1. Among the candidates Thr81, Thr71, which residue alone is surrounded by fewer than 20 Cβ atoms within 10 Å (Cβ to Cβ) and modelled with pLDDT of 95 or more?
2. If a residue must be open to solvent by 60 Å² or more (accessible area, probe 1.4 Å) and assigned to a loop (DSSP other than H, G, I, E, B), how many such residues does the range 119-147 contain?
3. Enumerate the pairs (first residue in the range 183-201 and over 16 Å from Arg222 (Cα atoms); second residue anywhere and acidic (Asp, Glu)) with beta-carbon separation below 6 Å, excluding pairs fewer than 6 apart on the same chain, so at least 6 apart or on different chains.
4. Tell me the residue from Asp188, Asp183, Asp161 that is in contact with a Pro (Cβ under 7 Å, 6 or more places away or on another chain) and not hydroxyl-bearing (Ser, Thr, Tyr), please.
5. For the range 21-106, which fully contained helices (runs of 4 or more DSSP H) count at least 3 residues that are β-branched (Val, Ile, Thr)?
6. May I ask you to list pairs of residues, at least six apart or on different chains, whose Cβ atoms are under 7 Å apart, with the first in the range 63-87 being within 18 Å of Leu48 (Cβ to Cβ) and the second being open to solvent by 70 Å² or more (accessible area, probe 1.4 Å) and of a type in the set (Phe, Trp, Tyr)?
7. Tell me which residues, restricted to the range 59-68, are open to solvent by 20 Å² or more (accessible area, probe 1.4 Å) and within 16 Å of Gly15 (Cβ to Cβ).
8. Check Ile79, Ile121 and return the single one that is in contact with a Phe, Trp or Tyr (Cβ under 7 Å, 6 or more places away or on another chain), β-branched (Val, Ile, Thr) and farther than 19 Å from Phe18 by Cα.
Amino acid sequence: MSVLQKMRKRIAIYGGTFDPVHSGHLEIARRVTELFEIDEFLFVPARLAPHKLDREVSGALHRYAMLALATRTDPRLSISTFELDRPERQYTVDTLAHFRAQFVESTDLFFVMGADSWTEITTWREWRRLLTLANLIVVTRPGYEISVAHVDVETAARIVDLRGVTENAVTSEPGGQKIFLSDAVMLDVSATTIRRAANEDDGAKLTTLVPLEVAEYIRKYRLYRNTE
C-alpha cells in the first residue's frame, strides 16, 4: 500500500435488519475488515427494510441490543443508529449519501452486500447514483456463480473479481468507485434456521448459529417464539 493510501481512512457500511445478528454477519465483518484493510466497520440496522415489508421484524431496541452484545469485544466493529433514529423508511442511497457527506474526502467508503442483493441491485432506488457514493463489496459463497447480465456494460466494467483472494490484495485509488466480488467468507447462516431453533427452544442449536450472548438474549426475552 502506498503512503497516500495509508493516509486515507477506509470505512465499511453493512446494512440490514439483523434480525438477529448471527455468526455469518460477524464472519463477513471480520473477513471484509481483514481483506480490505478496513479501519472501521459500521453495522447500520434498518428500522424498516424496503424489501422485507411482508415480514414482521423484531423491535429496533432488541436488534440494536443484540448487535451491541455481538460486537462489544471487537474494537473494529461499530454500530450506527442513523436509520433507526429516523421514523421514515430509509433507502440505501440516502444512507450512503449521509455518510458520504459526513466523512471527509480522504475517506474511502465501502458498502457491503450479499450476492442475493447484488442480483436485485437494479430494482433498488437510484441504484446508479448509489454506485457512485461508495465502493461495493459483494460477498458470496465459494463456488456460487455471480451474474453481471443484469447491469449495463459501464457498470460491469467497474467490477474487480477477488474471488479466490484471501488476504491483503486490495488497493483502492481515490475516485472511480469499484465493485469488488469476494468469496472469502466461508460461513453461511440462515436467519430462518435461527428463528426455528429459538421457537423450539433449542439452546444447543442456537449457540452454534449466534454468539453466546445473543443466544442468551434471545432466550431471556423469548424472541422468535410462535413464529413459522
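1. Working: Thr71 fails: surrounded by fewer than 20 Cβ atoms within 10 Å (Cβ to Cβ).
Going through Thr81, Thr71 in turn, the sole match is Thr81.
2. If we filter the range 119-147 for residues that are open to solvent by 60 Å² or more (accessible area, probe 1.4 Å), which is where we start, we get 119-120, 123, 125-126, 128-129, 132, 141-145.
From what is left, the residues that are assigned to a loop (DSSP other than H, G, I, E, B) are 120, 125-126, 141-145.
Summing the residues that are open to solvent by 60 Å² or more (accessible area, probe 1.4 Å) and assigned to a loop (DSSP other than H, G, I, E, B) in the range 119-147 gives 8.
3. From the range 183-201, the pairs are Val185/Glu27; Leu187/Glu27.
4. Working: Asp188 fails: in contact with a Pro (Cβ under 7 Å, 6 or more places away or on another chain); Asp161 fails: in contact with a Pro (Cβ under 7 Å, 6 or more places away or on another chain).
So the residue among Asp188, Asp183, Asp161 that is in contact with a Pro (Cβ under 7 Å, 6 or more places away or on another chain) and not hydroxyl-bearing (Ser, Thr, Tyr) is Asp183.
5. Numbers: elements: 23-35, 60-71, 92-102.
Qualifying helices (runs of 4 or more DSSP H): 23-35, 92-102.
6. Close Cβ pairs satisfying both conditions: Ile79/Tyr64; Thr81/Tyr64; Leu84/Tyr64.
7. Residues satisfying the conditions are Ala60, Tyr64.
8. Working: Ile79 fails: farther than 19 Å from Phe18 by Cα.
So the residue among Ile79, Ile121 that is in contact with a Phe, Trp or Tyr (Cβ under 7 Å, 6 or more places away or on another chain), β-branched (Val, Ile, Thr) and farther than 19 Å from Phe18 by Cα is Ile121.
The values are calculated or read from the model by the stated rules, or taken from the named source; none is laboratory data. Only a predicted model underlies this, so the values are computations on that prediction, with no experimental measurement involved. Glycine also receives a Cβ, built like all others from the backbone with ideal geometry; neighbour counts cover every protein chain displayed. Accessible surface is based on the protein model in full, side chains and every heavy atom, while ligands, DNA and RNA are left aside. Shrake-Rupley method; radii C 1.70, N 1.55, O 1.52, S 1.80 Å.
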